[in-house]
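Below is one structure, written out as structure tokens; the observations come after it.
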Amino acid sequence: MSNIIFLTTTFLFPFLGILVGLDVVMTVEGMVMYLLYYFIFFAFYILGRKVKFNDNIGTPENTRGFYVYLVLWFCLGVNILFVLYSVANYGIQGAFINSREVYTTTRTGSGQIYYVASIFLNLYAILGLFVYKRKILHFLFCVLLALPYGTKGKIFLILIYNLAYVFFVNKDREKYRRLKYFLPIVIFIPLIMVGAFWYTSIGLDQSALLQFVIGYGNEYENNFHDMIIHFDHYFPHGYLNGTILFGDVFYPFIPRVLWPGKPLIFGDLYLSYIIYPEATIANAGAPSFGPLGQPYADFGFWGGLVQIFIEQSILGFLLGRAETKCIKYPSIFNFFLLIALSFGGLIGLAATNRLVLLAFNVTLIFIIFYPLKYKFVLNKKLRQ
């Protein structure tokens with residue numbers, strides 16, 4: 001689902017931008033890389049769904065067990081503490097109404113607290129779907145807990161968790177995956193996104209709002225194509241030969257306490273710093289270059305295609321397998337693996353390589369849910 005959304009923004013938004021009079025930048029190299037990026041992913045995704053293995057699939061866990069409730073309550077407790085922390089520092093209005101302003105002004109001040117609490121909110125939102133019977137009330141409560149984070153992406157991610165649960169775990173999942181149910185939901189998500197932009201953009205007229213939404217959705221692609229056009233200007237010494245990839249893979253997981261001299265700017269942020277230094281230094285949201293900025297800056301067109309093929313083939317194939325498993329055996333563990341492959345798992349779409357992010361999520365999931373004594377079915381008769 002995430003790739004369908006990004007596919008829409010990659011190819012639809014540029015043409016909508018042209019229609020509404022926006023300056024849209026496109027290059028042949030960039031469009032070819034994007035086409036192959038999605039083609040490779042979906043080809044291996046289909047392969048992952050079609051290939052059959054004699055693998056052992058876990059049975060559904062006891063979602064009402066004591067350990068599950070213990071994890072659930074702990075996650076809830078952490079987020080209540082985060083809400084109290086936000087209220088104590090910024091007041092009720094600052095925590096729930098003007099939280100976006102608080103978020104933009106405390107990117108460095110409360111980063112560790114924000115990040116850790118965010119992980120536990122994601123865990124609570126997902127795990128609660130398997131425990132609570134009233135899913136709508138659980139969703140609304142999670143949205144309330146998400147308000148102090150000050151980002152629309154957190155609320156949107158919780159919505160995605162609920163939709164994924166409906167399509168892959170709910171007892172009526174086969175019915176909801178039919179076109180007459182799936183199509184309205186696919187239309188509903190963009191409307192929610194536009195509504196969120198409208199709520200946070202009061203004062204703009206309708207045409208300006210439309211330009212703002214399309215321009216925001218096309219920002220990553222515009223930055224990426226502009227980088228290709230002016231690459232020799234930004235990088236006179238040539239491609240970076242893996243510098244950004246190395247920073248994305250290793251630096252985020254080394255605590256600054258253990259390495260006081262760790263660079264403040266590394267990985268994708270370094271790419272933003274080179275091209276848009278003022279916006280990056282301002283620390284109010286560094287410009288992004290989408291999923292292909294790093295491969296191109298590090299290895300160029302052909303080298304970037306090699307990295308794209310390796311990553312997208314692995315991710316696409318694993319997603320196809322995870323989706324098939326989750327539909328047939330809708331357990332907590334299988335659902336978490338599906339989320340990890342689709343939307344960044346417990347830690348969201350963090351600024352690191354997607355394969356590294358997947359490995360980190362899978363390790364975290366194993367650590368958290370190992371006490372469930374996840375059983376494997378060896379007898380085919382038991383699967384029926």
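The values are calculated or read from the model by the stated rules, or taken from the named source; none is laboratory data. Small disclaimer: the values here were computed from a predicted structure and weren't measured. Note that we place each Cβ from the backbone using ideal geometry, even for glycine, and neighbour counts take in every protein chain shown. Remember, those area values only see protein heavy atoms, side chains included, never the ligands or the DNA or RNA. Shrake-Rupley method; radii C 1.70, N 1.55, O 1.52, S 1.80 Å.
So, of the residues in region 330-384 that are of a type in the set (S, T, N, Q) and open to solvent by less than 40 Å² (accessible area, probe 1.4 Å), which turns out to be modelled with the lowest pLDDT? Within region 330-384, the match that is modelled with the lowest pLDDT is Thr352.
Hey, does region 140-154 have a residue that's open to solvent by 20 Å² or more (accessible area, probe 1.4 Å), closer than 24 Å to Tyr67 by Cα, part of a helix (DSSP H, G or I) and modelled with pLDDT of 85 or more?
Step one: of region 140-154, the residues open to solvent by 20 Å² or more (accessible area, probe 1.4 Å) are 140-141, 143-144, 147, 151-153.
Pick out the ones that are also closer than 24 Å to Tyr67 by Cα and you get 141.
Remaining after also requiring part of a helix (DSSP H, G or I): 141.
Adding the requirement that they be modelled with pLDDT of 85 or more leaves 141.
Yes: one or more hits.
Could you tell me whether region 308-319 includes any residue that is touching a helix residue (DSSP H, G or I) at 6+ places or on another chain (Cβ under 8 Å) and under 17 Å from Phe224 (Cα atoms)?
Yes, there is a match, as at least one residue in region 308-319 is touching a helix residue (DSSP H, G or I) at 6+ places or on another chain (Cβ under 8 Å) and under 17 Å from Phe224 (Cα atoms).
Of the residues making up region 233-253, at least one is charged (D, E, K, R) and modelled with pLDDT of 80 or more. Of all residues in region 306-324, those satisfying the criterion of being farther than 22 Å from Phe168 by Cβ, open to solvent by less than 50 Å² (accessible area, probe 1.4 Å) and not small (Gly, Ala, Ser) are Gln307, Ile308, Glu311. Here Arg256 fulfils each of the conditions (1) open to solvent by 30 Å² or more (accessible area, probe 1.4 Å); (2) part of a helix (DSSP H, G or I) apart from (2). Do we have Val78 as β-branched (Val, Ile, Thr), more than 21 Å from Leu319 (Cβ to Cβ) and either at pLDDT below 85 or surrounded by fewer than 13 Cβ atoms within 10 Å (Cβ to Cβ) (or both) here? Criteria not met by Val78. Contact map, region 320-347: first residue within 17 Å of Leu364 (Cα to Cα), second residue modelled with pLDDT under 85 and outside any helix (DSSP H, G or I), Cβ cut-off under 6 Å, separation 6 or more or different chains; pairs are Ser331/Gly58; Ser331/Pro60; Ser331/Glu61; Ile332/Glu61; Phe333/Gly58; Phe333/Tyr374; Phe335/Val169. Scanning region 285-298 finds one or more residues that are within 30 Å of Val28 (Cβ to Cβ), outside any helix (DSSP H, G or I) and out of contact with any helix residue (DSSP H, G or I) (no Cβ under 6 Å at 6 or more places or on another chain).
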